[in-house]
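Okay, so here's the structure we're looking at.
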Amino acid sequence: MPLALLALSIAAFGIGTTEFVMMGLLPNVADDLHTSVPTAGYLVSAYAIGVVIGAPLLTAVGSRIPRKRMLLLLMALFTVGNLASALAPGFGTLVAARVLAGLPHGAFFGVGAVVAARLVADGRQARAVATMFLGLTVANIVGVPAATLLGQHLGWRATFLVVTAIGLVAMAALARLVPYVPVDAQQGLGRELRALGDRQVLLGLLTAVFGFAGVFAVYSYLASMTTEVMGFGESSVTLVLALFGIGMTLGALVAGPLTDRALRPTLYGSLGALALVLVAFRFTVHVQWAALVTVVVLGAVGFMTTTPLQMLVMNKARHAPTLASASNHSAFNLANAGGAWLGGAAIAAGWGWTSPTLVGAVLAVVGLAIAATAGLLDRTGRTTKGTSRVVAGSPLPEERVSSSSSRASGS
C-alpha cells in the first residue's frame, strides 16, 4: 500500500480522537465551565452538526480545488477548530469551536476516500479506503482512552492541545506523502449535485442512516450497560470501549478485501450479522465474559458496513463521486444522532438498559431492507452489463452481476 495512505490514516486518527473523546470528558468540562453534564452533552451534538453541515458544503465549495490542496485546507480547519476548543473561554465559544472542528470531518473523509481509491490498482480500492478508516478505528483503541486519561489528569484543554498537535503532524504527512491529484476537467458543482441525486446514491445514503443507527443505538449507552447490567465498575468502562474499538479495527481489515471481491453481499451480510449480534447482546450482556466477546463482535460487524457503503455511493456517483462520498459521512452522523436518540427514548420509556439492543436490531433490519431494495432496483433497471465505475477518472472494480456466480456483487 502507498505511504500516502499512512498520511490519510494519521489524519483519520486525529479526527476519530476528537470526535469521540468528548463523551469521556463531559464531567470535566461541565465542572470547569460551571454547567451540568446534560448541558455539556450539547458539545457532542455540536460536533455532529458541524459534520452534517460541513460535509456537503465544504465539498461543494472545494469542488474545483486539487484534492491534495483540499485535504490540507480541511486538515488546517480541523486543527484550528481544536486549538479554538482548547482556548475557549466559555461554554458558548466551546460549542462554536466544536462545530468548527466538525465542519471538515465529512469532507475530509469524502475527498480522502476518492484519493485513496486513486492511489491503488484496480481491484484494491476498497482495501485502500478501509486502510484510511483504520486510523479512525485505532483512535477508539488508543487515542480516545489516552486522550480521556490525559484530560482527566491535566485538564480537558490539554486533550485538545494534543489533538491540535496531531493535526499539525497530519498536515505535514499529507504535504510530504500524498501526490498531486488533479480535479477532472469536466468536474464541477453541477455535476457533483447530479451524481448525488442518483437514486442508487440516495438509497445508499438512506441505508447508512438506518443501518449504522443500529450501532449507535447501543454504543451511545455502552458505558451505562457496562456498569448497570454487566456488573463492572466504572474503571472498566475504558476497557469495554477499547474492546469495541478493537472490533471496529478487525471489521475494517476484513471489510476491505470482501468489498473488493463482492460489494453488495458484503453489505447485506454485515447488516444481517449486525441485527443478529444486537439481538444476541440482549442476552449475553448478563454474562460478563460473553458480554465482552459480544462487544468485540458488535464493533466488527458494525464497522464492516462502512466500507461497502462508502464504495457503493462512490461507484454509483461514477465520474463525480466526491460530494456523494462526503455526504455519506453526513449520513453516518445522522445515524449517530438518530440511533442515540431512539436508544435513549427506549430507556426513558422504562424498557430497561438492554432495550437499545432491540432498537438497534430493528434499525439494522430496516437498513438491510433498504439495501436489498436498492440492489433489486439496480438489477432490474440495468440495461447494459459490464459498465465501468469510475472514481475521479480512475476506474473502480466492476461489480459482478452474473447470477451464475456465487460471488456476484449484485449491484
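Miscellaneous remarks
So that you can scan it fast, the table gives a plain yes or no per residue for (1) within 24 Å of Ala116 (Cβ to Cβ); (2) buried (at least 24 other Cβ atoms within 10 Å of the Cβ):
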{"residue": "Arg264", "(1), (2)": "yes, no"}
{"residue": "Leu271", "(1), (2)": "yes, yes"}
{"residue": "Gln288", "(1), (2)": "no, no"}
{"residue": "Leu292", "(1), (2)": "no, no"}
{"residue": "Met304", "(1), (2)": "yes, yes"}
{"residue": "Leu312", "(1), (2)": "yes, yes"}
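- Residues (touching a helix residue (DSSP H, G or I) at 6+ places or on another chain (Cβ under 8 Å), modelled with pLDDT of 90 or more, among the hydrophobic types (A, V, I, L, M, F, W, C) and open to solvent by 20 Å² or more (accessible area, probe 1.4 Å)) located in region 141-194: Ala158, Leu161, Val162, Ile166, Leu168, Val169, Met171, Ala175, Leu177
- Scanning region 1-59 for residues that are more than 19 Å from Ala96 (Cβ to Cβ) and aliphatic (A, V, I, L, M) yields a total of 12.
- You will find that of Gly204, Gly197, the residue that is closer than 27 Å to Ala128 by Cβ and open to solvent by less than 30 Å² (accessible area, probe 1.4 Å) is Gly204 and no other.
- Criterion applied to Ser36, Ser85 was being crowded, with 24+ Cβ neighbours inside 10 Å and either farther than 23 Å from Phe332 by Cα or acidic (Asp, Glu) (or both), and the one residue passing it is Ser85.
- Test: residue in region 320-328 that is of a type outside the set (Val, Ile, Thr), open to solvent by 10 Å² or more (accessible area, probe 1.4 Å), touching a helix residue (DSSP H, G or I) at 6+ places or on another chain (Cβ under 7 Å) and at pLDDT below 95: yes
Quick grid of which residues meet (1) among the polar types (S, T, N, Q); (2) touching a Ser or Thr at 6+ places or on another chain (Cβ under 7 Å); (3) free of Cβ contacts under 8 Å to residues at least 24 places away in the same chain; (4) under 23 Å from Ala173 (Cα atoms):
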site: Ala4; (1), (2), (3), (4): no, no, no, yes
site: Asn28; (1), (2), (3), (4): yes, no, no, no
site: Asp31; (1), (2), (3), (4): no, no, yes, no
site: Ala46; (1), (2), (3), (4): no, no, no, no
site: Ile49; (1), (2), (3), (4): no, no, no, no
site: Leu71; (1), (2), (3), (4): no, no, no, yes
site: Met75; (1), (2), (3), (4): no, no, no, yes
site: Gly106; (1), (2), (3), (4): no, yes, no, yes
site: Val114; (1), (2), (3), (4): no, yes, no, yes
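- The criterion of at least 1 residues that are of a type in the set (Lys, Arg) and in contact with a Gly (Cβ under 9 Å, 6 or more places away or on another chain) is met, among helices (runs of 4 or more DSSP H) falling completely within region 5-91, by 67-87.
- Summed over region 106-127, residues that are open to solvent by 10 Å² or more (accessible area, probe 1.4 Å) and in a helix (DSSP H, G or I) total 2.
- Residue in region 245-256 that is in a helix (DSSP H, G or I), open to solvent by 40 Å² or more (accessible area, probe 1.4 Å), over 25 Å from Gly110 (Cβ atoms) and without any contact (Cβ under 8 Å) to a residue 12 or more places away in the chain present: no
Here is a yes/no grid of residues against (1) over 20 Å from Gly302 (Cβ atoms); (2) modelled with pLDDT of 90 or more; (3) among the aromatic types (Phe, Trp, Tyr):
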| residue | (1), (2), (3) |
| --- | --- |
| Ile347 | no, no, no |
| Trp351 | yes, yes, yes |
| Pro356 | no, yes, no |
| Ala361 | no, yes, no |
| Val366 | no, yes, no |
| Ala372 | no, yes, no |
| Gly381 | yes, no, no |
| Lys385 | yes, no, no |
| Val391 | yes, no, no |
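- The lone exception for Val162 - which of (1) part of a helix (DSSP H, G or I); (2) touching a residue at least 24 places away in the same chain (Cβ under 8 Å) it fails: (2)
The values are calculated or read from the model by the stated rules, or taken from the named source; none is laboratory data. Everything numeric in this text was worked out from a predicted model, so none of it was measured. Positions of Cβ are generated from backbone atoms using ideal geometry, with glycine treated the same way; all protein chains shown enter the neighbour counts. For accessibility, only protein heavy atoms count, side chains too; no ligands or nucleic acids. Shrake-Rupley method; radii C 1.70, N 1.55, O 1.52, S 1.80 Å.
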